[in-house]
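As structure tokens, the structure follows; a few thoughts come after it.
The values are calculated or read from the model by the stated rules, or taken from the named source; none is laboratory data. None of these values were measured; they are calculated from a predicted model. Every residue, glycine as well, gets a Cβ built from its backbone with ideal geometry; the counts of neighbours run over all protein chains shown.
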Amino acid sequence: MLLNKLNNESELIAKVLINNDQQAFTHIVEFYQQAVRQYCRRLCAPDISLADDIAQETFWQAYRKLKLYSAKGTFQGWLFRIAYFQFLQYLRKYKKAHSLTDDDGNIDDIAVLGHAQRVSNNRDIEAAMTHLKANERICLTLQFSFGYSQTEISDILKMPLGSVKSHSKRGKDKLSEIFQMAEQQVNINGVA
């Protein structure tokens, strides 16, 4: 059963809330699973198993907290917010830095050059995105992969609009720098 976005989504949410209808929630999961997993994979890049764990935890938390969904914004945005906070909890718990940037936000040239050939061969934006800080990657993913405006991203992430704009700009600048470095590496090695 494919979700007729607005009508069935509301009906399915009501069924879950009123009747604790797990099959209705299963239909919601089936509809949003691909988008949530894609989002989580970008959040957790390159750790796909972590992304799958966070996606699964996202749906579990969504089921548990469905009564808190206020229908402000999209349901998908609400799911992304849950995924984002699950990701932040993971980072706090394991204190992992998911970037190749130093404390000042500068790109670690040696680490990036180690990956430059792979990036330059196929212009793999996914590989380049793994070099961004988590908030930069998250803002750019929501903006360019899912089409959210910066205002909507601010609402989803519960982050000030100015911070969203800053993370997006820094992320774009770093991606540009990564691709310039990759291009220079290609020119040095004479490989096209």
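General observations
Yes or no, residue by residue, for (1) assigned to a helix (DSSP H, G or I); (2) farther than 18 Å from Lys158 by Cα:
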| residue | (1), (2) |
| --- | --- |
| Leu12 | yes, yes |
| Arg41 | yes, yes |
| Gly73 | no, no |
| Gly77 | yes, no |
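- Taken together, Gln89, Gln61 contain a single residue that is free of Cβ contacts under 8 Å to residues at least 40 places away in the same chain, touching a helix residue (DSSP H, G or I) at 6+ places or on another chain (Cβ under 6 Å) and not assigned by TED's automatic domain parsing to the domain that holds Ile156, which is Gln61.
- Residues satisfying the stated conditions in region 20-77, i.e. under 13 Å from the mean Cα position of the chain (by Cα), aliphatic (A, V, I, L, M) and surrounded by fewer than 19 Cβ atoms within 10 Å (Cβ to Cβ): Ala35, Ile48
- Only one of the listed residues (Gln86, Gln56) is in contact with an Asp or Glu (Cβ under 6 Å, 6 or more places away or on another chain) and under 30 Å from Ala127 (Cβ atoms). That residue is Gln86.
- Taken together, the residues in region 39-49 that are touching a helix residue (DSSP H, G or I) at 6+ places or on another chain (Cβ under 7 Å) and touching a residue at least 24 places away in the same chain (Cβ under 8 Å) amount to 6.
- Test result for Phe80, without any contact (Cβ under 8 Å) to a residue 40 or more places away in the chain and buried (at least 19 other Cβ atoms within 10 Å of the Cβ): no
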